[in-house]
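Following: one structure in structure tokens, then a few remarks.
The values are calculated or read from the model by the stated rules, or taken from the named source; none is laboratory data. Note that the structure is predicted; figures quoted are calculated from it, not measured. Cβ placement follows ideal geometry from the backbone for every residue including glycine, while neighbour counts extend to all protein chains displayed. Ligands, DNA and RNA are excluded from the accessible area calculation, which covers all protein heavy atoms including side chains. Shrake-Rupley method; radii C 1.70, N 1.55, O 1.52, S 1.80 Å.
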Amino acid sequence: ARRHPGGVAGLRDALRARLAELGGDLIGGEGEPAVVEELLFEGKQLSGVKLAANKNVFRAHYVIAGMDVSALAPLIPPKTKKHGLSELFESVRTRKFLFPINLVMREAGLPLGLGELALLVPGCPELGPVLLEVMPAIKHGREVEGEKVLCAAAFAPAAEHEASEERLRSLQQCIEKAVLELAPFSEPHVLARSAPFLDAKSARGHRLSPHPLIEVGEEHFLGVAGLTNRTPCKNLFLANREVLPGLGLEGEFMSGLRAAGLVQELLKKHNPLK
């Protein structure tokens, strides 16, 4: 599937519901997140997970980490990083991240012939290619008739992630200007505008880059390649966007299936109940 219904939130809810059906234990939810404070080790082996708001240690034979290695690194004790994990954390570099803006506009103001996706190469030397995507306008869970959201996004250098709001607003205006050069007649039809990275709740302070363009410092021979599911720690596996970079949510889902398959093979050899 090109898109999962409901995006990341929809996939998360579906997985949580299925895990509950199978009798699994769920920790944390929408209003009460379960924040991981530390991964605990016994020598080179991962032994469990410690949560910030819970004194209990959740023991595990195997752990699958569905997060970027930049978020995983602070959870590993300094002594343990020496066992090959330091090289893992240093192997991924974010070169750029995708900076999007949204224009809510009347459907009549969209350029004729514009489908769901388009690629714009503006004359502005500061911008590279701009990706345009037309999406339904949704209010209170329902589509608004006669309105659409035109999302325009361009890659910005990784250093801009920590830039001032003034600088990022300037980037927002530059992208919008490129879009309106393509369709100058559309401006009177714009009803609202936003830059999610700046305007969405808690997004500005989020440490992870939205849609990063990463560079993996691993030798590869078959074109685009990412990290492996396996890590130097034998019972810690990765299932994140850095394993299958460039494939979005579906790539994360596929890397999760691969990691689950590896764990399942190991569990067949070692009964976890003994």
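Given +1 at the Cβ of Lys and Arg, -1 at the Cβ of Asp and Glu and no other charges, the dipole of segment 1-149 around its Cα centre is 480 debye to the nearest 20.
Is segment 117-206 rounded, prolate or oblate when judged by the Cα gyration tensor, a ≥ b ≥ c being the square roots of its eigenvalues, rounded requiring a/c under 1.5 and prolate requiring a/b larger than b/c?
oblate
What the Cβ-Cβ distance of residue 124 and residue 215 gives, at R0 = 35 Å and to the nearest 0.05, is a FRET efficiency of 0.90. Springs join every pair of Cα atoms under 10 Å in this Gaussian network model of the chain, and among 114, 249, 40 the largest mean-square fluctuation is at 114.
Of the peptides 187-196, 115-124, how do they stack up when ordered by the mean number of other Cβ atoms within 10 Å, highest first?
Details: 187-196: 14.7, 115-124: 11.5.
Highest-to-lowest ranking by the protection proxy: 187-196, 115-124.
Multiplying the residue separation of residue 143 and residue 106 by 0.36 nm and subtracting their alpha-carbon distance yields 12.0 nm.
Among 254, 141, 238, whose Cα projects farthest towards the positive end of the dipole of the chain, with charges put on the beta-carbon of Lys, Arg (+1) and Asp, Glu (-1)? The residue sitting farthest along the positive end of the dipole is 238. Here segment 69-127 is treated as a Stokes sphere of Kirkwood radius computed over C-alpha pairs; at 10 °C and 1.306 mPa s its diffusion coefficient rounds to 96 µm²/s.
Heavy-atom accessible surface of the chain, averaged per residue, reaches 63 Å², computed with a 1.4 Å probe.
Taking amide H positions as modeled 1.01 Å from N, with prolines and chain starts lacking one, the residues under 5 Å from residue 193 and 5 or more places away or on another chain are 104. Taken about its Cα centre, the chain carries a charge dipole of roughly 1100 debye when the Cβ of each Lys and Arg holds +1 and the Cβ of each Asp and Glu holds -1. Once C-alpha pairs closer than 8 Å and six or more residues apart are averaged by separation and normalised to the residue number of the chain, the relative contact order reads 22 percent.
About its Cα centre, segment 10-53 has a charge dipole of approximately 160 debye under the convention of +1 per Lys or Arg Cβ and -1 per Asp or Glu Cβ, with nothing else charged. Please work out, to two decimal places, the log10 of the ratio I(q)/I(0) at q = 0.11 Å⁻¹ from a Debye calculation in which every Cα of segment 1-138 carries one identical scatterer. Normalising to I(0) and taking log10 leaves -0.72.
Using the empirical formula 2.2 N^0.38 Å as the baseline, the Cα radius of gyration of the chain reaches a ratio of 1.17.
Along the axis of the charge dipole computed for the chain (Cβ charges of +1 for Lys and Arg, -1 for Asp and Glu, origin at the Cα centre), the listed residues 129, 65, 217 are led at the positive end by 65. Take the alpha-carbon centre of segment 19-88, take the same for segment 105-133, and report the distance between them in whole Å. Segment 19-88 and segment 105-133 have Cα centres spaced 42 Å from each other. Of the residues 54, 99, 117, the one whose Cα sits farthest toward the positive end of the charge dipole of the chain, with +1 on the Cβ of Lys and Arg and -1 on the Cβ of Asp and Glu, is 54. Springs join every pair of Cα atoms under 10 Å in this Gaussian network model of the chain, and among 234, 177, 139 the largest mean-square fluctuation is at 139. Within segment 62-104, which residues have the backbone N less than 17 Å from the label spot 7 Å out from residue 265 along Cα→beta-carbon, could you tell me? It comes to 62-64, nothing else. In terms of its C-alpha gyration tensor, segment 123-167 has a prolate overall shape, because the principal axis ratio a/c (a ≥ b ≥ c, square roots of the eigenvalues) is not below 1.5 and a/b outweighs b/c.
Ligands, DNA and RNA left out, the accessible area of segment 52-135 computed with a 1.4 Å probe is 57% carbon and sulfur. The modelled label-to-label distance for the pair residue 192/residue 14, using points 7 Å beyond Cα in the direction of Cβ, is 2.8 nm.
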